[in-house]
Amino acid sequence: MKPIITLTLIITSLSSAWCQNFHPHSLEVDETDSLYMLSIEAYIEFLEQENRRGKTKTIYIKERSHTSALPYQIKGNEIVKINSDNYKKHLKKNGNSMYVITVRPLRLSEGVFYITLEPSYHRRKGIFRKSITRHSKFLVLFKYNQEHLELYDTKAY
């Protein structure tokens, strides 16, 4: 009985120590995270060029494992990660409508790396009715240059 209790105590103490030291925003930004930041910066520049920016400087991004290390601010725009816990709160805060960007994982096709951003317009029409309208996708292309990936091109389609 004593070995089982001892083993349980050791496992719980190790797991709690690991959880206390682990925080996704305290990690250093690696090259993949910087590619996600570059793609969001390119999307912000695209919106500014097309005069599609509203009065708000807040960008809502659907939270996923590959977007967890994104900073809270990019190019003067606040980045808010939307998940099931805070979705209703932010929707209500924005008058029951907002744009949410889904950032797809980094992919490789024909020697070119790319990240796809998919904006969608979310609108609540009542207590139980919600409308989601998908908009054109934004593609950010990266090419491998010597030792790292560099921004190559952007496309809206």
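Please work out which residue is farthest from residue 32 (Cα to Cα), limiting yourself to region 64-81 and to residues that are of a type in the set (Gly, Ala, Ser) and free of Cβ contacts under 8 Å to residues at least 40 places away in the same chain. Working first, answer last.
Quick first cut of region 64-81, residues of a type in the set (Gly, Ala, Ser) only: 65, 68-69, 76.
Checking which are free of Cβ contacts under 8 Å to residues at least 40 places away in the same chain leaves us with 65, 76.
Numbers: 65: 12, 76: 21 Å.
The residue in question is 76.
So, residue 70, is that one under 24 Å from residue 31 (Cα atoms) and not in a strand (DSSP E or B) or not? Reasoning before the result, please.
Values: under 24 Å from residue 31 (Cα atoms): yes; not in a strand (DSSP E or B): yes.
So residue 70 fits the description; yes.
Taking region 74-96 only, how many residues are polar (S, T, N, Q), modelled with pLDDT of 90 or more and not in a loop (DSSP other than H, G, I, E, B)?
0
Let me spell it out: the conditions are (1) closer than 30 Å to residue 146 by Cβ; (2) surrounded by 15 or more Cβ atoms within 10 Å (Cβ to Cβ), and residue 111 meets all of them except one. Which number is the exception?
Unmet condition: (2).
Do the conditions hold for residue 8, that is, is it out of contact with any Pro (no Cβ under 7 Å at 6 or more places or on another chain) and modelled with pLDDT under 60?
On the way: out of contact with any Pro (no Cβ under 7 Å at 6 or more places or on another chain): yes; modelled with pLDDT under 60: yes.
Criteria met by residue 8.
Has region 84-107 got any residue that is surrounded by 15 or more Cβ atoms within 10 Å (Cβ to Cβ), in contact with a His (Cβ under 6 Å, 6 or more places away or on another chain) and not hydroxyl-bearing (Ser, Thr, Tyr)?
Checked region 84-107: at least one residue is surrounded by 15 or more Cβ atoms within 10 Å (Cβ to Cβ), in contact with a His (Cβ under 6 Å, 6 or more places away or on another chain) and not hydroxyl-bearing (Ser, Thr, Tyr).
If a residue has to be within 21 Å of residue 122 (Cα to Cα) and surrounded by 12 or more Cβ atoms within 10 Å (Cβ to Cβ) to count, how many in region 49-83 make the cut?
Count: 17.
The values are calculated or read from the model by the stated rules, or taken from the named source; none is laboratory data. This is a predicted model, so every value here is computed, not measured. Counting neighbours? That spans all protein chains shown, and the Cβs are built from the backbone with ideal geometry, glycine included.
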